[in-house]
1. Considering (1) modelled with pLDDT of 95 or more; (2) open to solvent by less than 30 Å² (accessible area, probe 1.4 Å); (3) out of contact with any Lys or Arg (no Cβ under 7 Å at 6 or more places or on another chain), say which one Thr246 fails and leave the rest.
2. So if I check each of Gly84, Gly100, Gly139, which one is over 22 Å from Arg279 (Cα atoms), open to solvent by 20 Å² or more (accessible area, probe 1.4 Å) and touching a Gly at 6+ places or on another chain (Cβ under 8 Å)?
3. Looking at Ala207, Ala157, Ala166, Ala174 in this structure, which one is surrounded by fewer than 22 Cβ atoms within 10 Å (Cβ to Cβ), under 25 Å from Arg321 (Cβ atoms) and modelled with pLDDT of 95 or more?
4. Those residues that are surrounded by fewer than 19 Cβ atoms within 10 Å (Cβ to Cβ) and either over 19 Å from the mean Cα position of the chain (by Cα) or hydroxyl-bearing (Ser, Thr, Tyr) (or both), I need them from segment 210-234; list them, please.
5. Within the set of pairs 6 or more residues apart or between chains, which connect a residue that is within 12 Å of Gln127 (Cα to Cα) inside segment 276-290 to a residue that is surrounded by fewer than 20 Cβ atoms within 10 Å (Cβ to Cβ) and hydroxyl-bearing (Ser, Thr, Tyr) with Cβ atoms less than 9 Å apart?
6. What are the pairs with Cβ atoms under 9 angstrom where one residue, in segment 298-318, is over 11 Å from Pro92 (Cα atoms) and without any contact (Cβ under 8 Å) to a residue 40 or more places away in the chain and the other, located anywhere, is open to solvent by less than 40 Å² (accessible area, probe 1.4 Å) and among the acidic types (Asp, Glu)? Sequence gap at least six, or different chains.
7. Based on what the data block shows, is Asp105 open to solvent by 20 Å² or more (accessible area, probe 1.4 Å), out of contact with any Leu (no Cβ under 8 Å at 6 or more places or on another chain), at pLDDT 95 or above and charged (D, E, K, R)?
8. Within segment 62-140, considering only strands (runs of 3 or more DSSP E) that don't extend past its boundaries, which have at least 2 residues that are under 21 Å from Gly160 (Cβ atoms)?
Amino acid sequence: MMALRAGLLGVGMMGRHHARVLREVDGVDLVAIADPGGDPHGVAGELEILPDIDALISAGIDIAVVAVPTRFHEDAALKLAAAGVHTLVEKPIAHSVEAGQRMVDAFTAAGLVGAVGHIERFNPALQELRRRLESGELGAVYQVATRRQGPFPSRIADVGVAKDLASHDVDLTAWVVQSDYERISAQTAFKSGRDHEDMIVITGRTASGVIVNNIVNWLSPMKERLTVVTGEKGAFVADTSTGDLTFYSNGTIPLEWESVSSFRGVSEGDVTRYAFAKREPLRVEHEAFRDAVLGERTDVVTMEQGLKTLAVVEAALDSAREGEAVRLLHTS
């Protein structure tokens, strides 16, 4: 079978990694790169750096990856859909729900695969966590708490931390527990002198009754990427920066310390750190996209799913602005 001819729009901080992985994935041939800003990381190799999306389409591509600033996603995606090109767009899907809906409609009408790069779904720790939740190892799930914190990235200029980072946590939370957000409330802070928020806390509940809490900011001197899922039998802790998954089980040994044993809750039990295969999430994501284009059943994040995540993030920003909780529609 002929390899899929791939084009890449944008070779900035994220695009350079897409360029590397596109060259590594079987069945895909990176044939064209476009970026009006040139090639700052020197990833083009023997390929010419094309000036824009139109030139990229003219190269005769089957699939495309869009890794440009969020405000340019819609224009690029609509042109790619019109040209019959299956497309993976970096998250968030678009700068607004309305723009995202137009993208969804265009790819649906054209019968093309439209995907969004919510890469955390392909993190080995979260994939292992979801598998263990599905097998009932935690019992009933009570709560999901995520923390995604770190220094401000100067490369992000067109969106705030909610759309850039919180979208990761909203998507992975709903995916891990397999239930959409139903009700949310949020608080934001603007501390770095920009028009967009650099800190957000989202609290809420999924349609299945799981309590959620997402802490996200660009104001921390340390980098943290943690997902904690607490349930009937204990708690899973997934560190997505290292791909590690640890289980803290509820204790089964009777407590003899009177002041502690009087508390009618759980006690500390065994701690297990799991060993499992850890593949690069971006490569797994690209393989899922390739397979979806070839008509195979995969876990690729569809544009419809990416749009749903963006709607939750925008609802969180509305909640912070208005000071009121928001009930979401179209939950599962």
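1. (3)
2. Working: Gly84 fails: touching a Gly at 6+ places or on another chain (Cβ under 8 Å); Gly100 fails: open to solvent by 20 Å² or more (accessible area, probe 1.4 Å).
Unique residue meeting the criteria: Gly139.
3. Details: Ala157 fails: modelled with pLDDT of 95 or more; Ala166 fails: surrounded by fewer than 22 Cβ atoms within 10 Å (Cβ to Cβ); Ala174 fails: surrounded by fewer than 22 Cβ atoms within 10 Å (Cβ to Cβ).
When all the criteria are applied, what remains is Ala207.
4. Within segment 210-234, Ile211, Leu219, Ser220, Pro221, Met222, Glu232, Lys233 qualify.
5. So the pair list comes out as Lys278/Thr242.
6. Thr298/Glu287; Thr298/Asp291
7. It is true that Asp105 is open to solvent by 20 Å² or more (accessible area, probe 1.4 Å), out of contact with any Leu (no Cβ under 8 Å at 6 or more places or on another chain), at pLDDT 95 or above and charged (D, E, K, R).
8. So the answer is 86-90, 114-117.
The values are calculated or read from the model by the stated rules, or taken from the named source; none is laboratory data. None of these values were measured; they are calculated from a predicted model. As a convention, Cβ positions derive from the backbone with ideal geometry for all residues, glycine included, and neighbour counts pool all protein chains shown. These area figures cover heavy atoms from the full protein model, side chains too; ligands, DNA and RNA do not enter into them. Shrake-Rupley method; radii C 1.70, N 1.55, O 1.52, S 1.80 Å.
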